[in-house]
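Below: one structure, written as structure tokens.
Derivation of every value follows stated rules applied to the coordinates shown; laboratory data play no part. Owing to the predicted nature of the structure, the values given are computational and were not obtained by experimental measurement. FYI the Cβ positions are ideal-geometry reconstructions off the backbone, even for glycines, and counts take in every protein chain you see.
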Ligand code: GTP
């Protein structure tokens, strides 16, 4: 008789971590650290590289977009500049993404984490249809967490912090997945200031208003928006270079995945 296929239900395993970050935030170094932590803690990891333009990766990827799409050829063939070339390469790869998820599903029982590296030009992933396809393809099968890498030393300026958080807020609303902020480079600057600003929006507001260029009514509204945003995320201070905070990072990943299981 007529039957509709059952809705896809997320398996408990593995947990997918999609790593997103501004250029220079240390995304690649953090990926390397996460991959080696998974290995050394005897967890089973699977690594995906979705950056077609990366020259060399400091870790081994199980699936690498560069094996399927040659970004330089795409640029020539479609007469595109570098960003157009990366975007088109990702679009071409996204059309086959169900096969990629199929490969992960086939090994799901034997995996704990799937680590996904995204293009260095963040907006190519966060504001493209193919980025959304990748996110949705994973999220419909596995508990999926988005990790947004923050350059902590560069965010000590309250206005920079605010724009960084607004960007992260956009990612949360666009992906509708659990978001984990990785405050990277804590070996250079501790992220305590960020925790205080996230905890107490009035403290943050006074810091922002110390910057004379800001209209106080706008900053007050934005601080209130962010206050609401912070209630919906987790964070961890990490150093990709020293390894500090990585154990806590994975604890936060696991908690985020639990939330995913409860609410999706
Ligand atoms: P793109 O390659 O441009 O996409 O940048 P990325 O975000 O992948 O950053 P990458 O890993 O290349 O790191 C950028 C710079 O930050 C490099 O000089 C790294 O050595 C440095 N860096 C990354 N993580 C840390 C960290 O935890 N501490 C310190 N001190 N430096 C870091």
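Result for the chain in a Gaussian network model with C-alpha springs under 10 Å: among 55, 165, 31, the largest mean-square fluctuation is at 55. Extending 7 Å from the Cα toward the beta-carbon at both residue 41 and residue 77 defines two label points whose distance is 4.0 nm. Globularity index of the chain is 1.04 (Cα radius of gyration / 2.2 N^0.38 Å, N = number of residues).
The spacing between the stretch 44-64 and the stretch 166-225, judged by their C-alpha centroids, is 31 Å. Let me have the relative contact order for the stretch 153-243, percent, based on Cα pairs under 8 Å that are six or more residues apart. Relative contact order here is 42 percent. Here the extension length gained between residue 96 and residue 258 equals 55.5 nm, from 0.36 nm per residue of separation less the Cα-Cα distance. Were the residues from residue 218 through residue 13 laid out at 0.36 nm apart, the gain over their Cα-Cα distance would be 69.5 nm. Rounded to the nearest 0.05, what FRET efficiency is calculated for residue 56 and residue 211 with R0 set to 45 Å and r the Cβ-Cβ distance? FRET efficiency, residue 56 to residue 211: 0.70. FRET efficiency for the pair residue 200 and residue 167, taken as 1/(1 + (r/R0)^6) with r the Cβ-Cβ distance and R0 = 25 Å, rounds to 0.70.
By the count of other C-beta atoms within 10 Å, a proxy for reagent exposure, 196, 244 are ordered fewest to most as 196, 244. From helices alone, the chain scores -15500 deg cm²/dmol at 222 nm; the rule is -39500 (n - 2.57) for each run of n ≥ 4 DSSP H residues, then divide by the residue total.
Here the stretch 105-208 was treated as a single set of alpha-carbon atoms; its pair distances binned every 10 Å from 0 give 13, 40, 29, 15, 3, 0 percent. Three semi-axes describe the equivalent ellipsoid of the stretch 137-264; taken as square roots of 5 times the Cα gyration tensor eigenvalues and ordered largest first, they are 26, 19, 11 Å.
Here the stretch 38-170 is described by how far its Cα atoms reach on the three principal axes: 46, 44, 29 Å, from widest to narrowest. Here is the tail figure for the stretch 202-242: Cα pairs spaced more than 13 Å apart come to 61 percent of all pairs.
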